[in-house]
1. Considering every residue within the range 94-108, establish whether at least one is in a strand (DSSP E or B) and over 20 Å from GLN1 (Cα atoms).
2. Condition first: open to solvent by less than 50 Å² (accessible area, probe 1.4 Å) and among the hydroxyl-bearing types (Ser, Thr, Tyr). Now tell me which residues in the range 72-87 satisfy that.
3. Taking the conditions exactly as written (at pLDDT 95 or above and under 28 Å from GLN1 (Cα atoms)), does LYS87 satisfy them or not?
4. Checking TYR32 against (1) at pLDDT 95 or above; (2) within 13 Å of TYR110 (Cβ to Cβ), only one condition comes out false. Which one?
5. Hey, does the range 21-28 have a residue that's free of Cβ contacts under 8 Å to residues at least 40 places away in the same chain, closer than 22 Å to THR105 by Cβ and either open to solvent by less than 20 Å² (accessible area, probe 1.4 Å) or of a type in the set (Ser, Thr, Tyr) (or both)?
6. Within the range 63-76, track down each residue that is in a loop (DSSP other than H, G, I, E, B) and either within 14 Å of the chain's Cα centre (by Cα) or aliphatic (A, V, I, L, M) (or both).
7. For a quick check of your reading of the model, give me the residue pairs whose first member lies in the range 50-68 and is at positive phi, whose second is surrounded by 14 or more Cβ atoms within 10 Å (Cβ to Cβ), with beta-carbon atoms closer than 7 Å and at least 6 apart or on different chains.
Amino acid sequence: QVQLVESGGGLVQAGDSLRLSCAASGRSFGGYTMGWFRQAPGKELEFVTAVTWHGGNTKYADPVKGRFTISRDNAKNTVYLQMNSLKPEDTAVYYCAARIGSSSTFYSTYDYWGQGTQVTVSS
């Protein structure tokens, strides 16, 4: 079992930056692909980004490419989401998720989820 706890959300203005963190505990972090998803009010859960265990493979959704960066520190069992040039449309609850094996953009393939952290971007 893996427990995931997100932090770092908040209220910012358009153009600002935020860094989200996701701390994993409960068992070895090894072998897990880590992903970030988000859900805006009235919308479905959508893929944001993911990184494989060794960090060699990253995926990004088109709306965040060039602005968001995912990274991980396996020694700290933590994955990060650096969000730059934030836009009002980035407003959502951001969830960290984990799955064994290769990267995936489909939320149904992830086994473990955090409780989410709210990011609000004002215009």
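The values are calculated or read from the model by the stated rules, or taken from the named source; none is laboratory data. What you see is a predicted model; the values in this text were computed from it and never measured. Neighbour counts run over all protein chains shown; Cβ positions are idealised from the backbone, glycine included. What goes into the accessible areas is simple: the full protein's heavy atoms, side chains included, and nothing from ligands, DNA or RNA. Shrake-Rupley method; radii C 1.70, N 1.55, O 1.52, S 1.80 Å.
1. Restricting attention to the range 94-108, the residues satisfying the condition of being in a strand (DSSP E or B) are 94-100.
Applying the additional criterion that residues be over 20 Å from GLN1 (Cα atoms) yields 94.
Looking through the range 94-108, at least one residue is in a strand (DSSP E or B) and over 20 Å from GLN1 (Cα atoms).
2. Those that are open to solvent by less than 50 Å² (accessible area, probe 1.4 Å) and among the hydroxyl-bearing types (Ser, Thr, Tyr): THR78, TYR80.
3. Details: at pLDDT 95 or above: yes; under 28 Å from GLN1 (Cα atoms): no.
So LYS87 fails the test.
4. (1)
5. Filtering the range 21-28 down to residues free of Cβ contacts under 8 Å to residues at least 40 places away in the same chain leaves 26-28.
Retained after the next criterion (residues that are closer than 22 Å to THR105 by Cβ): none.
For the range 21-28, residues free of Cβ contacts under 8 Å to residues at least 40 places away in the same chain, closer than 22 Å to THR105 by Cβ and either open to solvent by less than 20 Å² (accessible area, probe 1.4 Å) or of a type in the set (Ser, Thr, Tyr) (or both): absent.
6. Just the residues of the range 63-76 that are in a loop (DSSP other than H, G, I, E, B), to begin with: 65-67, 74-76.
Within the range 63-76, LYS65, ARG67, ALA75 qualify.
7. Hits for this filter: GLY55/ARG72.
Let's see how each residue does on (1) of a type in the set (S, T, N, Q); (2) open to solvent by 60 Å² or more (accessible area, probe 1.4 Å):
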residue: ARG38; (1), (2): no, no
residue: HIS54; (1), (2): no, yes
residue: PHE68; (1), (2): no, no
residue: GLU89; (1), (2): no, yes
residue: GLY101; (1), (2): no, no
residue: SER108; (1), (2): yes, yes
